[in-house]
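Input: a single structure, listed below in structure tokens.
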Amino acid sequence: MTAPSSADRLRQALAALTASTSDRPERLTVSALCELANVSRNSLYRYHPDVLRAVREHQGQGVSGVSVRLRQAVDTQQGELLALRQQTTKLAALVDHYYCAYREAQALLSRREQELAELRRRLDLRPVSIAGCEKSTERAPTIVVRPSLSEAPGDAEG
């Protein structure tokens, strides 16, 4: 009777390991497979890519508790990242809105300052003497009357 080939030994070892590690697929390793089949790892990688592919598929089927927790953490962080991006978009729009309001207020203030400067230039200041003080020998105090802002510059009484 001839000894089984390395490919047969690897398939038998794979079957044995997959049956014993069905609840914990991460226990199936290339080293354990090669040790059980009495085949070198170099030989497995070089001559038996189909067995190696089967090992990788079996390893990928099971998800350990650590992987589940990591996946949940990643999902949570991705959700938080999405929420932060949405908040950033809203904050950028708000900053833009307030900047536009600032520019409008600044332009309005500049116009009002120009209007006040124009009103001051047109303001006619005239000295007004106080009645009753004209007959005394003392010099009468001078009062300067300025029209209120609600009056037009030409409406001031004098």
Which net charge results for the neighbourhood of Val30, defined as the other residues with beta-carbon distances under 10 angstrom from its beta-carbon, given Lys and Arg at +1 and Asp and Glu at -1?
+1
At Ser110 and Val30, where each label point lies 7 Å from the Cα along Cα→Cβ, what is the point-to-point distance in nanometres?
7.1 nm
Between Gln59 and Tyr45, what is 0.36 nm times their sequence separation minus the Cα-Cα distance? Round to one decimal in nm.
3.4 nm
Quick check on the stretch 6-61: take the gyration tensor over C-alpha atoms, sort the square-rooted eigenvalues as a ≥ b ≥ c, and tell me if it's rounded (a/c under 1.5), prolate or oblate.
prolate
Estimated FRET transfer efficiency when R0 is 41 angstrom, pair Ala83-Asn38 (beta carbons, to 0.05):
0.15
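Values quoted throughout were computed directly from the atomic coordinates according to the rules given, and no laboratory measurement underlies them. Model, not experiment: these values are computed from the prediction. Don't worry about glycine lacking a Cβ; one is built from the backbone with ideal geometry, like all the others, and counts go over all protein chains shown.
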